Protein chains: 2
Amino acid sequence: METPSSTISFGPRDDKKALEENPVFAPKFDADGLIPAMAIDAATKEPLMLAYMNEESLKMTLDLGEAVYYSRSRQEIWHKGATSGHVQKIHEIRTDCDQDALILYVEQLGAGACHTGRSTCFYRKVATAKGSDPVALGFTETDLSFDPNAVYGKKS
Amino acid sequence: METPSSTISFGPRDDKKALEENPVFAPKFDADGLIPAMAIDAATKEPLMLAYMNEESLKMTLDLGEAVYYSRSRQEIWHKGATSGHVQKIHEIRTDCDQDALILYVEQLGAGACHTGRSTCFYRKVATAKGSDPVALGFTETDLSFDPNAVYGKKS
C-alpha cells in the first residue's frame, strides 16, 4: 500500500478557541494515538460503522479518498474493503468542536459495511429498557445483504 | 439526580457470536469504563455530537429517556441540558455488531447541541486535503443558533 503523502500535515492544538473557530484541521489523537470516526452513507444518512484512525491512517484516507482505519484488534492499518471489496469512497469528512471525533460521509461500495453480512453495523436497537432483565435488543435489519463467508472466507 | 433503576442490567460478553446475533444488550465499556455514543437528530438525521457514557450514565439514560453522558474532562456524570436546558430526548438507541459503540437518535430540545452556540458540534468539514499546509477546514454552519454566553454563562 502506498505511503501517505508527505504534503499532508495537521495544525497545532495549543489554543482551545482556535481549535473551535479556526479553519485549520488539528485532529486530536488519544493516549493510544486514535480518533473515533463514524462512517455514514452520504446518500441515505444511514450510519454504517464506528471505527478508529491513527494519524497515519487518517493521512492515508485524505490521500486516497477512501476510508483507511486502524484495527485495534489486529493492531494494524486497515484499508476498509481491501479483503471484501467493500471500499468506502469519501464524500466529506467532518470534525467536531474540539476536533476529537470524525464523521465520514461515504459511498459504500459492495453490499454492505458489516462483517456479519449486513448493510450497517448498527442493525439492532434497544427494544425494552425496563422490565427486561437483561435489557432486550430488537433487529432493525434481519436479512443479510451478502454472505460473509463468501466475501471474507469461511471462519469457524 | 436520581440513581439508576436497579432493574436495569446488561447481558454477558463471553460469546462473540451471541454478542453479534442475540437480542440481548451487552455493551462493552473500554479500559476507562467508557463507550462512545453518537447523538443524531431523529428527525433530520443530522449528527449532533459524539460523547461517552460509563455504565452508570447509560443506565440513567435508559431510565430517564434523556441522554446522560460521562464527561471525561470534568470526570463526572453529565446530564446533557442540565445547565443549558438543551436536553436530548431519546427516540431510539442502536448498538453495533460487537456492541462497543452506540447511536442515540434524539429530539434535541433548545437551540442546539454544541457549547459553541451551534446546532451541531460537526460544523466544519475538510475543505482542502491536498495542497494546503496544514489541511484546511470549511464551515458548514457559520451563524450561531444561540448565544453560548447567555446559555452557559460568560467564560473568559
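The values are calculated or read from the model by the stated rules, or taken from the named source; none is laboratory data. The structure presented is a predicted model; accordingly, all values stated were derived computationally and were not measured. Heads up, the Cβs are rebuilt from the backbone with ideal geometry, glycines too, and the neighbour counts pull from every protein chain shown. Ligands, DNA and RNA are stripped out before the accessible areas are found, and what is left, the full protein with its side chains, is counted by its heavy atoms. Shrake-Rupley method; radii C 1.70, N 1.55, O 1.52, S 1.80 Å.
Side notes on the structure shown:
- Single match in B:71, B:84 (criterion: among the small types (Gly, Ala, Ser), more than 22 Å from residue A:105 (Cα to Cα), open to solvent by less than 30 Å² (accessible area, probe 1.4 Å) and at pLDDT below 95): B:84
- Filter result for the condition that a residue is surrounded by 13 or more Cβ atoms within 10 Å (Cβ to Cβ) and of a type in the set (Asp, Glu), over B:46, B:76: B:46
- Evaluation of residue A:89 against the conditions (1) within 13 Å of chain B (Cβ to nearest Cβ); (2) closer than 26 Å to residue B:49 by Cβ; (3) touching a Gly at 6+ places or on another chain (Cβ under 7 Å) shows that the sole unmet condition is (1).
- Just one residue in the set B:145, B:132, B:119, B:84 is closer than 30 Å to residue A:7 by Cα and not acidic (Asp, Glu); that residue is B:132.
- For the range A:92-110, the set of residues classified as part of a loop (DSSP other than H, G, I, E, B), at the interface with chain B (Cβ under 10 Å from one of its Cβ atoms) and either touching a His at 6+ places or on another chain (Cβ under 6 Å) or touching a residue at least 24 places away in the same chain (Cβ under 8 Å) (or both) consists of A:97, A:98, A:99, A:100, A:101, listed by residue number.
- Residue count for the range A:98-115 under the criterion of being open to solvent by 10 Å² or more (accessible area, probe 1.4 Å) and either over 24 Å from residue B:90 (Cα atoms) or touching a helix residue (DSSP H, G or I) at 6+ places or on another chain (Cβ under 9 Å) (or both): the result is 7.
- Each residue in the range A:123-138 was checked for being surrounded by fewer than 17 Cβ atoms within 10 Å (Cβ to Cβ) and either touching a helix residue (DSSP H, G or I) at 6+ places or on another chain (Cβ under 9 Å) or among the charged types (D, E, K, R) (or both), and 2 pass.
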